[in-house]
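Trainee: Please find one structure pasted underneath; my questions will follow.
The values are calculated or read from the model by the stated rules, or taken from the named source; none is laboratory data. Just so it is clear, the model here is predicted, and its values are computed rather than measured. Note that we place each Cβ from the backbone using ideal geometry, even for glycine, and neighbour counts take in every protein chain shown.
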Amino acid sequence: MKLINSLKALFLLTILVFASLSDAISQMPFRNMNQYAVTGWVDDTHYLFKTLDENKMPVVKSVDIKTGKAVTVSAEKTPRELISQVLPAGYTLGMTDPISPDSKSTVISKDNDLYLFTLSAKELKRLTNDSEPEVNARFSPEGSKLAYTKNRDLYVYDIAAGKEIRLTSDATDKIYNGYASWVYYEEILGRPSRYAAFWWSPDGNKIAYLRSDDSDVPVFTLNRLDEADGIHGKIEAVPYPKAGDPNPKVKMGVADIASTKTIWVKTDYSVDQYIAWPFWTPDSKKLAVQIVNRDQNELKIILADPSSGDYSEIYNESRKTWVEFREEIYVMKNGSGYIIRSFRNDWENLYYYGWDGKLICQLTDFRFRVNSIDRVDEDARLVYFSATGTESTDMHGYRVGLDGKDLIQITKGEGTHSLSISPKGSYFIDTWSSLSSAGSIIAYDRKGRQLKEIYKFEQPQFDPAKHSKIEFVKIPTSDGLFNMPAIITYPLNFDPSKKYPVIFTIYGGPDSKNVYNRWQGTSPSWYAQNGIIQFTVDHRGSGQFGKKGLDYLYRCLGKWEVLDYEDAVKWLREKPWVDATKMGMTGGSYGGYMTCLALTKGADFWTHGIANYSVTDYRLYDNIYTERFMDTPADNPEGYKDGSALTWAKNYKGRLLITHGDMDDNVHMQNSIYLISKLQDEGKSFEFMLYPGGRHGWGGMKAMHLRNEANKFWMRNFFGK
């Protein structure tokens with residue numbers, strides 16, 4: 001349940017509310033931009049524009065940004081699409097099969113072996129031939145080699161020599177080389193890593209990798225009872241450290257491909273700490289390694305010599321609350337250093353450091369958030385980046401010099417803006433929208449002056465019978481410190497003289513915004529079609545207010561989120577069109593946790609809820625995520641007790657539907673079982689739906705079943721249907 005900046009949060013937001021899953025997808029930002037989009041550049045003055053021809057068929061045109069002259073070009077296809085089209089019959093390219101750096105080759109996994117396919121030869125070459133599956137295949141930077149793990153050991157295949165090279169040989173069921181332990185995969189490296197825990201050097205001659213030892217980590221077992229597992233079932237046992245448990249022991253090694261020898265970075269193996277996210281100097285002579293202590297309040301970056309393992313510290317950042325690994329670090333190709341984002345002034349800003357550990361320049365000094373580094377033009381000494389601007393629900397494109405001077409905000413006006421930058425930075429194309437406008441595509445010159453509006457997205461005239469009225473509001477917290485952004489989506493044919501049920505649809509985790517100023521589409525949600533007000537609000541710890549807000553959550557998850565949400569309920573109760581006897585909440589994962597707390601700790605405010613695959617007590621969740629905010633249960637027993645839905649089960653008096661997948665390896669069903677048991681002991685009535693085989697979220701017919709059951713729950717409890 002780690003929130004990898006906004007990426008994982010956004011993923012979770014797409015699955016948290018199964019009751020309106022299809023509606024959520026239909027209203028994703030820029031939905032009406034699928035047919036009209038700037039998809040890239042031919043050169044510095046010609047952009048590629050996806051549009052429709054006179055027959056309403058999709059085409060791609062090369063457009064001169066100066067004159068507007070357009071020429072139809074062949075439909076733009078990704079390397080993955082091009083390769084997929086010419087694969088031999090019987091072979092398919094999976095989403096995890098890697099594409100070579102030159103985009104002309106791929107490696108396909110089939111029947112537990114690897115096959116090389118090149119566009120030039122148009123035939124498959126078998127690389128491996130054994131019974132053990134090769135996983136996590138990654139091309140070297142120059143494309144001549146392939147790294148992968150097999151039985152949790154690290155291998156390289158030299159494509160030119162046609163030879164497999166084994167780099168490690170001591171892996172067991174608890175020791176992994178280049179293969180992540182579960183908690184690293186979930187909370188540090190992230191699920192997109194597919195358990196890969198190795199990193200090529202730029203010259204392709206070395207690989208840095210993590211060696212993990214899970215021997216001391218307690219094992220959690222899941223009982224597989226699917227029909228395919230037979231009448232006796234099967235046990236799935238995974239080392240899973242819950243809050244306060246021992247961690248995997250880790251160290252960083254550097255394997256030399258030619259000699260197959262590993263040099264270990266000389267960190268103290270006896271110290272309980274987290275090691276990850278290394279990055280190389282451009283000449284491959286040094287390896288930077290990030291280290292976070294067990295308390296997760298100090299981040300160090302060390303610079304190691306791969307030939308000896310010796311290192312020096314080049315970066316240090318600490319807070320009284322918590323810090324996190326930095327996945328997005330830009331390494332300067334000229335060898336001068338790197339650019340990192342940091343919360344040093346309570347907001348994420350950009351800092352340019354040298355390899356000697358000295359700050360070369362603080363590039364930005366905003367009291368709002370820098371979200372990403374989009375491009376660094378080293379020749380022009382310019383950095384392009386995205387940031388919210390002064391309104392935290394917006395997103396804008398910016399540019400600044402590597403000396404921190406000549407800062408300009410490229411995009412104009414409210415809303416969410418996404419920039420496409422020409423190869424030499426002479427032009428920018430901004431695709432934008434807001435809650436009130438479907439937006440447009442606008443071209444700017446390098447000084448940020450608007451040249452022309454390339455395309456204006458269609459926005460039908462508002463029809464209350466077909467479209468939902470959407471309102472953006474700010475709600476003050478009762479202590480007067482924050483104004484929480486919120487979005488109210490009204491039902492079709494909204495009549496302010498009537499009273500309507502309200503459903504909070506949230507995720508609510510630390511640093512996870514729900515509210516964005518961007519177009520919501522025109523298709524009404526299930527809620528809108530059925531006379532329900534949909535409400536989304538961001539509390540003080542959502543990331544909308546920087547570290548000033550986030551730090552409130554330290555050692556007390558669940559406290560301030562619920563208090564702030566209660567203030568939102570108080571605000572809603574004052575509206576004549578709100579039925580306070582039908583105040584609902586729904587969410588999944590952390591959103592499920594919020595829902596469980598709302599119906600127990602917040603029982604005087606919420607009457608109904610659907611909680612999907614929820615944490616109910618943070619003693620039951622993994623240690624990296626939990627301890628980042630809560631410290632250990634031994635260090636913070638009162639915080640854990642106060643933040644547990646079990647503690648407040650006696651307050652429950654509404655109607656709650658709890659759902660969980662029995663094979664959830666992330667938030668174990670144990671969480672729901674504990675709450676169910678507590679509610680039963682308290683003599684409370686509730687509903688529970690089990691999803692056999694369901695992991696942390698699920699698809700297919702079972703997802704449709706949950707959506708339908710959720711819809712029935714609301715109709716039954718709100719309208720007696």
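Trainee: Go through segment 352-374 residue by residue and tally those that are within 21 Å of Leu287 (Cα to Cα) and either β-branched (Val, Ile, Thr) or surrounded by fewer than 21 Cβ atoms within 10 Å (Cβ to Cβ) (or both).
Mentor: Result for segment 352-374: 7.
Trainee: Also, I was wondering about something else. The conditions are (1) farther than 21 Å from Tyr516 by Cβ; (2) surrounded by 20 or more Cβ atoms within 10 Å (Cβ to Cβ), and Ala603 fails exactly one of them. Which is it?
Mentor: (2)
Trainee: Among Pro496, Pro501, which is farther than 24 Å from Glu324 by Cα, more than 23 Å from the chain's Cα centre (by Cα) and surrounded by fewer than 23 Cβ atoms within 10 Å (Cβ to Cβ)?
Mentor: None of the others qualify; the one that does is Pro496.
Trainee: Taking into account only those residues within segment 202-254 that are among the hydroxyl-bearing types (Ser, Thr, Tyr) and touching a strand residue (DSSP E or B) at 6+ places or on another chain (Cβ under 7 Å), which is surrounded by the most Cβ atoms within 10 Å (Cβ to Cβ)?
Mentor: Ser212
Trainee: Considering only residues of segment 464-493 that are part of a loop (DSSP other than H, G, I, E, B) and in contact with a helix residue (DSSP H, G or I) (Cβ under 6 Å, 6 or more places away or on another chain), which is surrounded by the fewest Cβ atoms within 10 Å (Cβ to Cβ)?
Mentor: Per the stated criteria, the residue is Ser478.
Trainee: Pull out all pairs, ordered by first then second residue, where Cβ-Cβ is under 6 Å, the residues are six or more apart or on different chains, the first lies in segment 334-351 and is closer than 11 Å to Val370 by Cα, and the second is among the basic types (Lys, Arg) and exposed (fewer than 15 other Cβ atoms within 10 Å of the Cβ).
Mentor: Final answer for the pair search is Trp347/Arg367.
Trainee: Continuing with the same structure: Could you figure out which of (1) of a type outside the set (Gly, Ala, Ser); (2) surrounded by 15 or more Cβ atoms within 10 Å (Cβ to Cβ); (3) touching a residue at least 24 places away in the same chain (Cβ under 8 Å) isn't true of Glu687?
Mentor: (2)
Trainee: Then there is this: Within the set of pairs 6+ apart or on separate chains, which have a first residue in segment 185-206 that is farther than 25 Å from Ser144 by Cα, a second that is in a helix (DSSP H, G or I) and of a type in the set (Ser, Thr, Tyr), and C-beta atoms under 6 Å apart?
Mentor: From residues that are farther than 25 Å from Ser144 by Cα, the pairs are Glu187/Tyr625.
Trainee: Still on this model: Checking the condition surrounded by fewer than 21 Cβ atoms within 10 Å (Cβ to Cβ) and either within 26 Å of the chain's Cα centre (by Cα) or touching a residue at least 40 places away in the same chain (Cβ under 8 Å) (or both), which residue from Glu414, Glu453 passes?
Mentor: Checking each option against the conditions leaves just Glu414.
Trainee: Residues of segment 92-132 being touching a residue at least 12 places away in the same chain (Cβ under 8 Å) and more than 34 Å from the chain's Cα centre (by Cα), which ones?
Mentor: Within segment 92-132, Ser120, Lys122, Glu123, Leu124, Arg126, Asn129, Asp130, Ser131 qualify.
Trainee: Tally up the residues in segment 255-284 that are without any contact (Cβ under 8 Å) to a residue 24 or more places away in the chain and exposed (fewer than 14 other Cβ atoms within 10 Å of the Cβ), please.
Mentor: Total meeting the criteria: 6.
Trainee: Only one of (1) among the aliphatic types (A, V, I, L, M); (2) surrounded by fewer than 21 Cβ atoms within 10 Å (Cβ to Cβ); (3) at pLDDT 95 or above fails for Ala180. Which number is that?
Mentor: (2)
Trainee: Follow-up. Restricting attention to segment 556-576, and to residues there that are touching a Phe, Trp or Tyr at 6+ places or on another chain (Cβ under 6 Å) and of a type outside the set (D, E, K, R), which single residue is surrounded by the fewest Cβ atoms within 10 Å (Cβ to Cβ)?
Mentor: Going through the qualifying residues, I end up with Trp560.
Trainee: Would you pick out the residues in segment 93-110 that are acidic (Asp, Glu) and either modelled with pLDDT under 90 or touching a His at 6+ places or on another chain (Cβ under 7 Å) (or both)?
Mentor: Scanning segment 93-110 gives no hits.
Trainee: Right, another one. Would you check if Trp560 is of a type in the set (A, V, I, L, M, F, W, C) and over 30 Å from Ala276 (Cβ atoms)?
Mentor: When the stated conditions are applied, Trp560 does not pass them.
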